[in-house]
1. What is the extension gain from residue 202 to residue 246, computed as 0.36 nm multiplied by their sequence separation minus the C-alpha to C-alpha distance, in nm to one decimal?
2. Running a GNM on the chain with Cα contacts under 10 Å, which residue among 277, 184, 53 ends up with the highest mean-square fluctuation?
3. How large is the accessible surface per residue of segment 244-296, computed with a 1.4 Å probe and reported in Å² as a whole number?
4. Give me the accessible area per residue for segment 45-99, probe 1.4 Å, as a whole number in Å².
5. Less than 22 Å apart at the alpha-carbon level, and either on another chain or at least 8 residues along: which lysines does that give for residue 7?
6. For semi-axes √(5λ) of the Cα gyration tensor in Å, one of (i) 30, 25, 21; (ii) 44, 27, 15; (iii) 32, 22, 18 was computed from the structure I shared and the rest are decoys. Which label?
7. Note the full-extension length gain between residue 168 and residue 228 as 0.36 nm times their separation in residues minus their Cα-Cα distance, in nm to one decimal.
8. How much of the accessible area of the chain, in percent, comes from carbon and sulfur atoms when a 1.4 Å probe is used?
Amino acid sequence: MRDRVEKLTHNLSQTIVGKTDAIRLVLVALFSGGHALLEDVPGVGKTLIAKSLARSIAGDFKRIQCTPDLLPTDITGTNIWNPNSGEFQFLPGPVFTNILLADEINRATPRTQSALLEVMEEQQVTVDGVARIVSHPFFVIATQNPIEYQGTFPLPEAQMDRFTLSFSIGYPSEVEELQMLERLENKGSNFRELQPCLKIEEILDLQRLCSQVRVDRSLQQYIVNLVRATRESEDITLGVSPRGALALQRATQALAFLEGRDYAVPDDIKFLTPHVLCHRLIPSGGRRAKTIVEQLLRSVSIP
């Protein structure tokens with residue numbers, strides 16, 4: 001399995017130049033059984049990561065381009081009348097897939113955004129009183145532009161809490177940007193040319209292996225102390241929920257597995273804490289969530 005994971009990482013690096021941390025974080029979200037929120041400006045490769053990952057694991061891939069006129073049934077599916085059979089027939093929506101890209105998710109209305117709440121947490125959708133299970137694994141990669149606010153609807157806290165982690169890819173360095181131009185000139189790797197290196201069933205096996213990574217009691221206490229510190233800080237209006245603590249532990253296990261260990265260490269938690277906690281809290285007084293979390297990391301004792 002370690003060899004397969006390394007091949008998957010290599011596959012993604014063929015199309016995503018130089019973004020080792022971004023690749024590692026998206027795999028942490030996938031292997032921990034969660035979802036990822038990418039907050040970045042257009043054109044840095046958010047969509048490319050999702051497409052490359054889908055091809056690398058031979059999984060079904062669907063994309064939702066979120067707009068204000070998008071309806072909940074455009075996501076979950078709906079029942080339509082079949083005149084041949086004389087009864088209603090369910091037409092599945094794009095959530096019935098393995099990897100779902102919700103592009104510019106904050107352009108959808110709150111009503112439409114709420115259509116993802118159930119499926120992201122329970123991996124099922126309920127339409128007309130009937131619950132339908134989606135594919136396994138089910139992984140959502142959502143993107144949003146943090147700069148442009150016109151015509152957008154901020155994600156509610158319940159929606160933000162469904163994402164295991166959030167991160168930004170960032171602009172490439174000068175060397176990385178030159179490599180991108182060279183690959184384009186030489187007709188380098190395209191995500192359509194990627195060959196699958198993992199099967200869907202193996203992703204489920206990897207998720208089970210990650211859940212078996214040992215997290216010492218002292219590290220669990222460290223996670224609890226960090227989460228509780230967000231609730232007690234005067235700089236934070238709304239602290240992190242218990243779901244955030246669970247997400248931090250699952251992400252820590254997945255990162256330790258990616259690093260080739262069957263046990264977690266404090267550095268795993270320190271690296272992931274900003275990505276897991278920042279989007280779950282509401283700062284007070286216009287302060288930045290990342291700055292507050294970095295201060296908490298310095299103030300909470302490390303085991």
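1. Separation in residues times 0.36 nm, less the Cα-Cα distance, equals 13.5 nm.
2. Taking springs between Cα atoms under 10 Å, the residue moving most is 184.
3. Computed with neighbouring chains in place, this is 39 Å² per residue.
4. Heavy-atom SASA per residue in segment 45-99 reads 48 Å².
5. 19, 46, 51, 187, 199
6. This structure yields the entry labelled (i).
7. Contour length minus Cα-Cα distance gives 19.1 nm.
8. Accessible surface attributable to carbon and sulfur in the chain totals 50 percent.
The values are calculated or read from the model by the stated rules, or taken from the named source; none is laboratory data. Just so it is clear, the model here is predicted, and its values are computed rather than measured. These accessible areas exclude ligands, DNA and RNA; they are computed on the full protein's heavy atoms, side chains included. Shrake-Rupley method; radii C 1.70, N 1.55, O 1.52, S 1.80 Å.
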